Amino acid sequence: DVKVTQSSRYLVKRTGEKVFLECVQDMDHENMFWYRQDPGLGLRLIYFSYDVKMKEKGDIPEGYSVSREKKERFSLILESASTNQTSMYLCASSAGATLTDTQYFGPGTRLTVL
Amino acid sequence: EDQVTQSPEALRLQEGESSSLNCSYTVSGLRGLFWYRQDPGKGPEFLFTLYSAGEEKEKERLKATLTKKESFLHITAPKPEDSATYLCALGIYNQGGKLIFGQGTELSVKP
């Protein structure tokens, strides 16, 4: 079974803090993704990565950066957290094969910025 | 423009009352249509992938079907444990591995 783990289920941070969200997958997947999910707005793609040290912006990258130093690990960084970044953050991975784009999700991190 | 719309937004059923959820889409080139189930406070759980019109897949009380314009998730004789939000998503050619997600249908099954 594919397993995607995220470092924290719940996180509370203060405005202006630097926040790191970690995601690890154990299936040697090529692709990894970070989403945020908000009521009424659905799942929105923040950043994704097709390979180590490679990243591309998604639909809402402002205020975020990412790091992928190893194939299995994809980190989301909030350089200076703000209250409008309070959200559920979801990491996903996919194999990257031609026809199989199935994304497998982690359990999510509920981030609250005070 | 590639887009996906799910209906209804919310659906309340009695246990055993079969129904269907709809996912309508317009897309330049469909690579695959995905269905996920999401329980409150958790990440989406993969259910099915459909690749071409006419394709059907089943899992327990769920059956997913696909046409050129929409997909249905049929729920037969649902149980309270089927209560969740169901998401559909599109994989599109020339978009790499990215998916476009619908807003979801929140299903509630009462005993």
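The coefficient of translational diffusion for the protein assembly as shown, derived via Stokes-Einstein from the alpha carbon Kirkwood radius under 37 °C and 0.692 mPa s, stands at 182 µm²/s. Treating the Cα atoms of chain A as identical point scatterers in vacuum, please give the log10 of the normalised Debye intensity I(q)/I(0) at q = 0.12, 0.14 Å⁻¹, two decimals. The Cα Debye sum returns log10 ratios of -0.37, -0.51. The simple spin-label model puts a point 7 Å past each Cα toward its Cβ; for B:ALA53 and B:ASN22 those points are separated by 1.8 nm. Note on A:GLU79 and B:ASN94: their simple-model spin labels are 3.2 nm apart, each label 7 Å out from Cα toward Cβ. Exposed loop sites were defined as GluC sites (Glu not before Pro) in DSSP loop states (anything but H, G, I, E or B) carrying at most 16 other C-beta atoms within 10 Å; in chain B the longest segment without such a site runs B:61-111. Note on the stretch B:56-111: percent of Cα-Cα distances in each 5 Å bin, starting at 0 and stopping at the bin with the largest distance, equals 4, 16, 22, 24, 18, 9, 5, 2, 0, 0.
Computed extension gain for A:GLU69 through A:LYS3, at 0.36 nm per residue and net of the alpha carbon distance, reaches 21.8 nm. For a quick check, take a GNM of chain A with Cα springs below 10 Å and name the residue from A:LYS55, A:LYS13, A:LYS71 with the largest mean-square fluctuation. In this elastic network of chain A, the residue with the biggest mean-square fluctuation among A:LYS55, A:LYS13, A:LYS71 is A:LYS13.
Loop-located chymotrypsin sites (Phe, Trp or Tyr not before Pro) in the stretch B:1-98 (DSSP state not H, G, I, E or B) with no more than 16 neighbouring Cβ atoms inside 10 Å: B:TYR51, B:TYR93. Across every direction, the projection of the convex hull enclosing the Cα atoms of chain B has a mean area of 6.5 nm². The alpha-carbon positions of the stretch A:32-73 define a convex hull whose volume is 66 Å³ per residue.
Placing dummy labels 7 Å off each Cα toward the beta-carbon, the span from A:LEU41 to B:GLU45 is 2.7 nm. Kindly flag which residue pairs out of A:LYS57/B:LYS59; A:LYS57/B:LYS110; A:LYS53/B:LYS42; A:LYS70/B:LYS63; B:LYS57/B:LYS98; A:LYS3/B:LYS79 have an alpha-carbon separation exceeding 30 Å in this structure. Going by Cα-Cα distance, A:LYS57/B:LYS59; A:LYS57/B:LYS110; A:LYS70/B:LYS63 fall outside the 30 Å limit. Shown for A:MET88, A:MET32, A:MET54: other C-beta atoms within 10 Å of each C-beta, ranked fewest to most, produce the order A:MET54, A:MET88, A:MET32. Here's the list of aspartates and glutamates a cross-link from A:LYS71 could span, going by alpha-carbon distance under 14 Å and ignoring same-chain residues fewer than 8 apart: A:GLU22, A:ASP26, A:ASP28, A:GLU30, A:ASP51.
Listing B:THR67, B:THR49 from fewest to most neighbouring C-beta atoms within 10 Å gives B:THR67, B:THR49.
Values in this text are rule-based calculations from the coordinates and carry no lab data. This structure is a prediction, so every number in the text was calculated from the model and none was measured. Note that each Cβ is placed from the backbone with ideal geometry, even for glycine, and that neighbours are counted across all protein chains shown.
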